[in-house]
Structure formats: C-alpha cells, structure tokens
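**Student:** Take this structure, written in structure tokens, and hold onto it; I'll ask about it next.
The values are calculated or read from the model by the stated rules, or taken from the named source; none is laboratory data. All values derive from a computational prediction rather than experimental measurement. Cβ: placed from backbone, ideal geometry, glycine included. Neighbour counts: every protein chain shown.
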C-alpha cells in the first residue's frame with residue numbers, strides 16, 4: 001500500500017472534504033506499493049493541489065481531479081469550457097490544465113533546484129488531469145483547446161477514469177512500463193520536507209534562538225493590529241517575523257509573508273518551517289511569496305474568470321512593477337483575490353506606500369494583523385521617501401517605530417567595522433549596528449573573523465578576480481564547506497565570469513545569474529538556501545540572506561557604497577565559535593583607503 005499523507009484516519013480533517021471522484025483517485029493511488037508517497041491536498045504556496053505523488057525512481061506527478069458528469073461540459077470555440085445551464089450553455093471558469101500547469105511550476109520553483117535541464121524536464125515533474133467519469137478519449141477531446149497561461153500547459157496530460165483504475169502507473173508516469181531515472185535525492189528530500197508537516201522537518205534540529213527583539217515581534221504583547229519595526233541588519237527582525245507567522249498559524253490563522261525580493265521567500269520559508277516545528281504549528285497555513293508573484297496570481301485568476309485587469313494608465317507610462325500592482329488592484333476590485341488573516345512584510349524599506357496600501361486594503365482580511373519590518377540603510381531600490389514619517393501617516397500606523405539596533409547575525413568583531421563603514425561611506429538614514437549585550441558570542445570565546453580586502457588593479461576583470469578570491473578562500477581553509485560560501489556582485493556579467501572561474505576550479509555553483517531576464521527570473525525562483533554548493537547572487541537578491549563566508553565585489557557606481565554595506569551585513573557568525581570570513585574585492589577608488597582599517601581592526 002502506498003504511503004498516504006495525511007493517513008486514512010486523518011482524512012476527515014482535510015480543509016475540503018474529498019468528493020466522489022477524488023475518493024476514487026485516492027483508492028487507486030492507495031493500491032500502489034509502499035515506494036509511492038501520496039500527499040492529499042498539500043499546501044503549495046497559494047495553491048492546494050488534489051494530489052502530489054512521489055516515487056524515488058519515477059519522479060513527481062501533480063494530479064488535478066475533476067468529478068464532472070458526462071454531457072455537462074463542452075469545449076467552447078475560444079478555448080474556454082462551457083457548462084450546461086438551464087436550457088443552454090454558459091462560459092465556465094474552470095481550467096484544469098492551467099491548474100495542473102501552475103501546480104507543476106510552483107513545485108519546481110519551491111522544491112527543485114539545479115541545472116537548467118530540470119526546469120524543462122517534464123518527465124521529472126509532471127502535471128496530469130484526470131476526469132474520472134470520462135474515458136480518456138472523451139476527456140482529451142473535452143480539454144483539447146488550451147487556455148494558454150504558460151507554455152508548459154502543452155505538457156499537461158489528460159486521462160479518464162478507466163485508465164486510472166486499470167493503468168494507474170501509466171497515468172502517473174506516461175508509460176505502462178516506466179524506466180527508472182535519476183531523481184536528485186536532495187530535491188525529493190526538500191519536497192517531502194515542504195509537503196509533510198511533521199515527516200521530515202525533524203531534520204532541522206537546531207532551534208531558532210530568538211533575541212528580545214524577535215521575541216517581542218513574535219508575541220505582539222500589546223495585541224496591536226498594525227505594527228512597524230525598524231532595526232539594523234541582523235537585529236532579529238526576520239526571525240521575529242517568521243516566528244510571528246508560526247505563532248499565528250498555531251492559532252489557526254492564515255498568514256501571508258511577503259517581500260519585494262523574489263529570492264527572500266525561500267529563506268523565510270525555511271525560518272517559518274523551523275519555528276512551526278518547534279511550537280507544533282501547521283506550516284501549511286503560512287504562505288511565503290514575493291509581492292509581484294502575488295500580483296501575477298491575482299491577475300491570472302482574473303483572466304481565467306473572464307476579467308481583464310487594466311492599470312488605468314497609458315501603456316509605457318509606468319514601470320512594469322508599478323503597472324503589475326495597478327492591474328492586481330483592479331483584479332481584486334473586479335473579482336477579488338487571495339486574502340489572509342495576517343500579512344507580514346519583510347524588508348519593508350523596498351516597498352512603497354501604494355504597495356503597502358494594496359496589501360492593507362485588499363489582501364488582509366477585515367480586522368486582520370499587519371506587520372512591517374524595515375532597515376532604511378538597506379534600501380537599494382530608492383524607496384527611502386516612503387518610510388518618512390509624513391508619508392507613513394497614510395499607511396494606517398498609529399504608534400511609533402519599534403527600534404532594534406543590536407546585530408545578532410554578524411560576529412562581534414565585525415560589527416564595529418561595518419558600522420564604521422556605514423558612518424563614513426553610506427549617505428541617508430542610518431541604523432548602524434551595535435554589539436548587543438546578549439549577543440550569543442559576547443563572552444569572547446569565538447575565533448576572530450578572517451577579513452581580507454583586495455583592490456583590483458586597472459584592466460583586471462572584476463568577475464574573474466571575484467572567482468579567484470572564492471577559490472583562494474576555499475583552498476586556504478579546507479574546513480570551510482562550499483555550501484557556507486556566498487559570493488555577491490552587482491552585475492550579472494561579473495557573476496557569470498566568477499561562476500566560470502569557480503567551476504573551472506572544481507566547485508559547482510548554485511547561482512541566479514543569467515544573460516536574459518527570463519533566465520534570471522527562472523534561476524531566482526530556484527535559488528534555495530540549503531543548496532550544498534557555493535552560492536552566487538547579486539547583492540540585491542541576497543538581502544535578508546546570510547552566509548558564514550562572504551566574498552563581495554564592489555564596483556564603481558552611484559549606489560556602490562550602500563550595496564557594499566548591504567553585502568557586508570550578510571556575514572553570519574558561527575554559533576560553534578568557528579571563524580567567519582569576509583573578502584572584499586574592490587574597484588571603487590573612493591573606498592580603496594578603507595582597506596587598512598578593514599584588515600587591521
């Protein structure tokens with residue numbers, strides 16, 4: 001018998017009771033052998049697929065089941081489905097192939113990383129639609145016209161109920177006699193950890209150590225409906241936010257954790273899952289997503305319902321980010337969209353008043369809770385004005401900022417160096433880090449941070465030097481695992497140069513650099529904190545993340561000093577008292593003189 005999650009005796013606790021067709025599907029899946037793992041209505045971001053089926057040799061299949069009666073649906077001329085209504089037909093909002101395609105894409109983005117082949121390998125992660133009351137021929141005829149939302153919809157396969165009963169292996173794999181293939185074990189582990197709330201989360205054994213700031217954020221002692229927290233990098237803001245999300249989930253609340261940065265939700269997901277495990281909270285109630293991912297979902301849903309959201313302005317007059325938010329607002333006004341009991345915003349300095357109010361007015365449910373955490377010094381997108389007090393008066397805040405200055409992320413000996421850099425070289429609002437009294441390494445038992453500063457000579461390509469410094473660090477410190485090393489740059493070209501050098505040196509790289517916007521977007525979706533490889537990122541996309549060893553390139557530019565500061569604050573102290581590492585590869589002449597203080601202090 002297949003392994004079922006939840007167990008048969010727990011199925012009555014599902015958010016939506018299984019209908020007759022879904023029961024038939026479950027019965028067929030349960031008859032498979034015990035190498036098959038079946039997840040019933042698992043939480044997958046904003047979605048809840050009917051079934052996700054996993055086999056260590058045959059891959060993963062996400063299944064959308066429809067219990068439609070024969071003759072009640074027909075294909076329309078425009079690709080939309082029509083449903084029998086009274087004595088005639090009317091347009092139907094159902095789009096099963098789109099649903100299965102969306103689930104498959106979400107599964108890849110959240111649980112599978114690696115080389116580019118996996119992103120288009122439709123035999124590794126498949127999407128299937130099963131119409132249990134139809135034959136396969138009739139089911140395919142009914143769904144032959146696609147409502148194109150994404151190109152992968154072509155690869156979603158359709159089956160009927162007879163094949164489900166007689167040939168379940170063919171439905172799941174596409175073959176009566178599937179051949180075993182290589183399914184990366186680390187990807188399956190991540191998928192199972194993500195989908196099974198208690199099965200594999202136990203491997204995350206180290207507890208989250210909450211400082212006083214994080215504990216205050218988690219507990220919300222004044223039961224405030226809307227709060228804002230401002231603090232230095234590493235002060236515990238993100239930990240507290242993740243802990244608050246878990247605490248709300250423990251109370252049965254549906255929570256949205258949102259950021260502007262499209263890679264940060266992966267890191268926040270890890271924090272939320274760990275805290276949920278510690279306090280026995282259902283992590284399925286917490287969704288982590290970036291703002292424009294939420295907007296895209298609302299827009300796509302509106303289009304599936306026949307509503308075309310507009311921005312209300314002439315094309316080309318708004319930045320693409322702003323236009324997408326405007327369309328999402330229109331979608332919510334037109335047909336609605338996903339809503340939550342609580343909305344928690346990390347790296348809030350990257351937001352704008354309009355974006356915040358979009359969440360406040362449309363996404364959080366009436367009487368719900370909102371939290372904003374920010375570090376104005378980490379603003380790399382030019383949104384500083386929105387956190388000014390006068391502007392924020394239109395954001396619904398009543399109380400003052402909760403301030404958090406101590407940095408618990410960085411080693412104590414690095415904190416004053418980074419603070420000095422900010423004071424000398426970063427303009428604007430300062431929230432400089434200090435060493436808090438309750439820093440876990442405050443007793444002085446830790447090993448000093450190993451700091452190196454390299455000024456790149458004229459004519460030397462910055463990316464190549466960056467890659468060489470990563471190799472030098474790994475060669476000089478064999479005790480340092482590649483997974484503990486992150487190299488950061490502001491240029492995708494420099495990043496790709498560094499990748500070529502590092503991989504030529506024998507170290508695979510998990511990175512998000514690309515030549516085209518589509519390639520970059522794809523890699524960002526698959527950028528995951530638990531990758532065992534050296535990690536490469538832009539400084540902007542690594543905000544909120546951390547690493548024990550950081551190799552940072554600094555180029556010339558208008559905001560190069562602020563980006564350098566952001567990169568320096570990504571260094572994480574080691575709670576086992578091992579040294580942290582930071583190397584700066586600098587081409588900005590205005591900063592070259594800081595090298596002496598950086599290495600000597």
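**Student:** Exactly one of these conditions fails for residue 303: (1) closer than 20 Å to residue 395 by Cα; (2) assigned to a helix (DSSP H, G or I); (3) out of contact with any strand residue (DSSP E or B) (no Cβ under 7 Å at 6 or more places or on another chain). Give me its number.
**Tutor:** Unmet for residue 303, out of (1) closer than 20 Å to residue 395 by Cα; (2) assigned to a helix (DSSP H, G or I); (3) out of contact with any strand residue (DSSP E or B) (no Cβ under 7 Å at 6 or more places or on another chain): (1).
**Student:** At pLDDT 90 or above, surrounded by 22 or more Cβ atoms within 10 Å (Cβ to Cβ) and outside the structural domain of residue 289 (by TED's automatic domain parsing): does that describe residue 137? Show your work before the answer.
**Tutor:** Details: at pLDDT 90 or above: yes; surrounded by 22 or more Cβ atoms within 10 Å (Cβ to Cβ): no; outside the structural domain of residue 289 (by TED's automatic domain parsing): yes.
It is false that residue 137 is at pLDDT 90 or above, surrounded by 22 or more Cβ atoms within 10 Å (Cβ to Cβ) and outside the structural domain of residue 289 (by TED's automatic domain parsing).
**Student:** Check every one of the strands (runs of 3 or more DSSP E) wholly within the stretch 450-518 and list those with 2 or more residues that are in contact (Cβ under 8 Å) with a residue 60 or more places away in the chain.
**Tutor:** Values: elements: 450-455, 485-489, 509-511.
In the stretch 450-518, the matching strands (runs of 3 or more DSSP E) lie at 450-455, 485-489.
**Student:** Is it true that some residue in the stretch 14-34 is surrounded by 14 or more Cβ atoms within 10 Å (Cβ to Cβ) and modelled with pLDDT under 85?
**Tutor:** If we filter the stretch 14-34 for residues that are surrounded by 14 or more Cβ atoms within 10 Å (Cβ to Cβ), which is where we start, we get 18-19, 21-26, 28-30, 32.
After this cut, where a residue has to be modelled with pLDDT under 85 as well, the list is none.
Within the stretch 14-34, not a single residue is surrounded by 14 or more Cβ atoms within 10 Å (Cβ to Cβ) and modelled with pLDDT under 85.
Condition check ((1) modelled with pLDDT of 90 or more; (2) under 26 Å from residue 248 (Cβ atoms)) across all residues:
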{"position": "375", "(1), (2)": "no, yes"}
{"position": "386", "(1), (2)": "no, yes"}
{"position": "398", "(1), (2)": "no, yes"}
{"position": "414", "(1), (2)": "yes, no"}
{"position": "423", "(1), (2)": "no, no"}
{"position": "426", "(1), (2)": "no, no"}
{"position": "431", "(1), (2)": "no, no"}
{"position": "447", "(1), (2)": "no, no"}
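**Student:** Here's another thing I want to ask about it. Only one of (1) closer than 23 Å to residue 239 by Cβ; (2) in a helix (DSSP H, G or I) is not met by residue 368, so which one is it?
**Tutor:** Residue 368 satisfies all of (1) closer than 23 Å to residue 239 by Cβ; (2) in a helix (DSSP H, G or I) except (2).
**Student:** Kindly establish whether residue 336 is assigned to a strand (DSSP E or B), more than 22 Å from the chain's Cα centre (by Cα) and outside the structural domain of residue 419 (by TED's automatic domain parsing).
**Tutor:** Details: assigned to a strand (DSSP E or B): no; more than 22 Å from the chain's Cα centre (by Cα): yes; outside the structural domain of residue 419 (by TED's automatic domain parsing): yes.
Answer is no for this residue.
**Student:** Within the stretch 237-259, is even one residue in a loop (DSSP other than H, G, I, E, B) and surrounded by 21 or more Cβ atoms within 10 Å (Cβ to Cβ)? Lay out the reasoning, then the answer.
**Tutor:** Going residue by residue through the stretch 237-259, those that are in a loop (DSSP other than H, G, I, E, B) are 251-254.
Filter once more, keeping what is surrounded by 21 or more Cβ atoms within 10 Å (Cβ to Cβ): none.
No, that holds for no residue.
**Student:** Out of all the residues in the stretch 95-107, is one or more exposed (fewer than 14 other Cβ atoms within 10 Å of the Cβ) and farther than 24 Å from residue 136 by Cβ?
**Tutor:** We begin by selecting, within the stretch 95-107, every residue exposed (fewer than 14 other Cβ atoms within 10 Å of the Cβ); these are none.
The answer is no, given that none of the residues of the stretch 95-107 is exposed (fewer than 14 other Cβ atoms within 10 Å of the Cβ) and farther than 24 Å from residue 136 by Cβ.
**Student:** crowded, with 20+ Cβ neighbours inside 10 Å, modelled with pLDDT of 90 or more and within 28 Å of the chain's Cα centre (by Cα): which single residue out of 128, 171 fits that description?
**Tutor:** Numbers: 171 fails: within 28 Å of the chain's Cα centre (by Cα).
Step by step, each of 128, 171 is checked, and only 128 is crowded, with 20+ Cβ neighbours inside 10 Å, modelled with pLDDT of 90 or more and within 28 Å of the chain's Cα centre (by Cα).
**Student:** Is the stretch 503-512 home to any residue that is at positive phi and at pLDDT below 85?
**Tutor:** Here is the first cut: in the stretch 503-512, the residues at positive phi are 506.
Then drop every residue that is not at pLDDT below 85, which leaves none.
There is no residue in the stretch 503-512 that is at positive phi and at pLDDT below 85.
**Student:** Also, quick follow-up: Could you tell me whether any residue of the stretch 222-230 is in contact with a strand residue (DSSP E or B) (Cβ under 8 Å, 6 or more places away or on another chain), outside any loop (DSSP other than H, G, I, E, B), farther than 15 Å from residue 341 by Cβ and at pLDDT below 90?
**Tutor:** Scanning the stretch 222-230 turns up at least one residue that is in contact with a strand residue (DSSP E or B) (Cβ under 8 Å, 6 or more places away or on another chain), outside any loop (DSSP other than H, G, I, E, B), farther than 15 Å from residue 341 by Cβ and at pLDDT below 90.
**Student:** Of all residues in the stretch 566-597, how many are over 21 Å from residue 262 (Cβ atoms), out of contact with any strand residue (DSSP E or B) (no Cβ under 6 Å at 6 or more places or on another chain) and buried (at least 23 other Cβ atoms within 10 Å of the Cβ)?
**Tutor:** The number of residues fulfilling the criteria is 2.
**Student:** Residue by residue through the stretch 302-312, note down the ones that are free of Cβ contacts under 8 Å to residues at least 60 places away in the same chain and in contact with a helix residue (DSSP H, G or I) (Cβ under 7 Å, 6 or more places away or on another chain). Walk me through how you get there before you give the answer.
**Tutor:** Narrowing the stretch 302-312 to residues free of Cβ contacts under 8 Å to residues at least 60 places away in the same chain: 302, 307-312.
Across the stretch 302-312, the qualifying residues are 302, 307, 309, 310, 311, 312.
**Student:** Here is a check on your reading of the model: is residue 268 within 26 Å of residue 539 (Cβ to Cβ), touching a strand residue (DSSP E or B) at 6+ places or on another chain (Cβ under 6 Å), outside the structural domain of residue 44 (by TED's automatic domain parsing) and touching a residue at least 12 places away in the same chain (Cβ under 8 Å)? First the steps, then the outcome.
**Tutor:** Numbers: within 26 Å of residue 539 (Cβ to Cβ): yes; touching a strand residue (DSSP E or B) at 6+ places or on another chain (Cβ under 6 Å): yes; outside the structural domain of residue 44 (by TED's automatic domain parsing): yes; touching a residue at least 12 places away in the same chain (Cβ under 8 Å): yes.
Yes; evaluated as a whole, the condition is true for this residue.
**Student:** Determine which single condition residue 74 fails, assuming it passes every other condition in (1) out of contact with any helix residue (DSSP H, G or I) (no Cβ under 6 Å at 6 or more places or on another chain); (2) surrounded by 15 or more Cβ atoms within 10 Å (Cβ to Cβ).
**Tutor:** Looking at each condition in turn, residue 74 falls short on (2).
**Student:** If you check residue 483 against the conditions, is it over 17 Å from the mean Cα position of the chain (by Cα) and at pLDDT below 95?
**Tutor:** Details: over 17 Å from the mean Cα position of the chain (by Cα): yes; at pLDDT below 95: yes.
In short, yes.
**Student:** Right, here's the next one. On the basis of being modelled with pLDDT under 80 and within 14 Å of residue 98 (Cβ to Cβ), does residue 118 make the cut? Quick ask: steps written out before the conclusion?
**Tutor:** Working: modelled with pLDDT under 80: yes; within 14 Å of residue 98 (Cβ to Cβ): no.
So residue 118 fails the test.
**Student:** Spot the failing condition for residue 17; the list is (1) touching a residue at least 12 places away in the same chain (Cβ under 8 Å); (2) outside any helix (DSSP H, G or I), and only one is missed.
**Tutor:** Condition not satisfied by residue 17: (1).
**Student:** Hey, another quick one. May I ask you to list the residues in the stretch 260-272 that are part of a helix (DSSP H, G or I) and either surrounded by 21 or more Cβ atoms within 10 Å (Cβ to Cβ) or at pLDDT 95 or above (or both)?
**Tutor:** Listed by number, the residues that qualify are 264, 265, 266, 267, 268, 269, 271, 272.
**Student:** Shifting gears a bit: So, in the stretch 542-572, how many residues would count as being over 18 Å from residue 234 (Cβ atoms) and touching a residue at least 24 places away in the same chain (Cβ under 8 Å)? Reasoning before the result, please.
**Tutor:** Step one: filter the stretch 542-572 for residues over 18 Å from residue 234 (Cβ atoms), giving 551, 553-561.
Going one step further and asking which of them are touching a residue at least 24 places away in the same chain (Cβ under 8 Å), we end up with 551, 553-557, 559-561.
Going through the stretch 542-572 one residue at a time, the tally reaches 9.
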